[in-house]
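Peer 1: Pasting a structure here, questions to come.
The values are calculated or read from the model by the stated rules, or taken from the named source; none is laboratory data. Source: prediction; values computed, not measured. Here Cβ is always computed from backbone atoms with ideal geometry, including for glycine, and neighbour counts include all displayed protein chains. All accessible areas refer to the heavy atoms of the entire protein, side chains included, with ligands and DNA or RNA removed. Shrake-Rupley method; radii C 1.70, N 1.55, O 1.52, S 1.80 Å.
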Amino acid sequence: MADESNHRVQVYQFSGATPVYSTTIGVSGESGSDNTHLNGPTQVAFDSSGKLYILDTGNERVQRCTFAGGWTCQTLFGETGVGGDDLMHLGWPFGMMIDRNDNLYLVDSGNQRVLKCTLAGARGHFAGVTGQIGADNAHLNWPGGVAMDSHGTLFVADGLNHRIQKFTSAGAYAGTIGVTSVPLRARCGPPQPAEPGRRGAGRQPLRN
């Protein structure tokens, strides 16, 4: 579990239906940029071999962690503490998932794009236009979460466009859920919770 404000990931094991605390990755309450620290982690995911991936948002990186008596982490994507908009860098990444084929999808929120990466380290552009905000189907506006269904359709929460964008596994646009640029509360009346992506749009990465 990514415990963002405490700069750590909490690891639990299940005893039946009850989660039992196991260990902590990172240093509780202490941000940092070496491989024993985290800085505002926001997402976790596992690959098919059991390796753990941590989206270390404030450090602009993805950490890959292996377990051998304890957890050891190293940077797989991004450059620690250095934002950028080329494929070697990230800009306030805020969403991540790994599919059943071990492709890792990165929502690079500040760069208004989604990247598709292999666990061997290759990375490529998947959706959005790098550095450009927009409301058509080629653009995103502070995307946040990402998920995939059993058919391989990718769903991207396009935060400040107030919609969910659907894409095929090849990156082709496949549809929209919601009404672009019209928040739910404007259509339904009563106040609603904050929109996906608003959190990322309003904050800056935590620095030491």
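Peer 1: Give me the pairs, please: first residue somewhere in the stretch 122-142 and of a type in the set (Val, Ile, Thr), second residue anywhere and part of a strand (DSSP E or B) and open to solvent by 50 Å² or more (accessible area, probe 1.4 Å), beta-carbon distance under 8 Å, and either six or more positions apart or on two chains.
Peer 2: Correct list of pairs: empty, since none qualify.
Peer 1: Of the conditions (1) at pLDDT below 95; (2) within 16 Å of Pro93 (Cβ to Cβ), Phe14 satisfies every one except a single condition; which number is it?
Peer 2: The number of the failed condition is (2).
Peer 1: Identify, please: which residue in the stretch 65-91 is crowded, with 18+ Cβ neighbours inside 10 Å and in contact (Cβ under 8 Å) with a residue 24 or more places away in the chain and is, among those, nearest to Val11 (Cα to Cα)?
Peer 2: Trp71
Peer 1: Tell me which residues, restricted to the stretch 104-121, are crowded, with 18+ Cβ neighbours inside 10 Å and without any contact (Cβ under 8 Å) to a residue 40 or more places away in the chain.
Peer 2: Listed by number, the residues that qualify are Asp108, Asn111, Gln112, Arg113, Leu115.
Peer 1: Of everything in the stretch 122-132 that's surrounded by 14 or more Cβ atoms within 10 Å (Cβ to Cβ) and among the aliphatic types (A, V, I, L, M), which residue is farthest from Leu55 (Cα to Cα)?
Peer 2: Checking each candidate, the answer is Val129.
Conditions tested, residue by residue: (1) surrounded by fewer than 11 Cβ atoms within 10 Å (Cβ to Cβ); (2) among the hydroxyl-bearing types (Ser, Thr, Tyr); (3) modelled with pLDDT of 95 or more.
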residue: His139; (1), (2), (3): no, no, yes
residue: Ala147; (1), (2), (3): no, no, yes
residue: Asp158; (1), (2), (3): no, no, yes
residue: Asn161; (1), (2), (3): no, no, yes
residue: Val179; (1), (2), (3): no, no, yes
residue: Pro183; (1), (2), (3): no, no, no
residue: Gly197; (1), (2), (3): no, no, no
residue: Gly200; (1), (2), (3): no, no, no
residue: Gln204; (1), (2), (3): yes, no, no
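Peer 1: Provide a single number: the residues in the stretch 7-26 that are under 21 Å from the mean Cα position of the chain (by Cα) and either hydrophobic (A, V, I, L, M, F, W, C) or surrounded by 13 or more Cβ atoms within 10 Å (Cβ to Cβ) (or both).
Peer 2: 8
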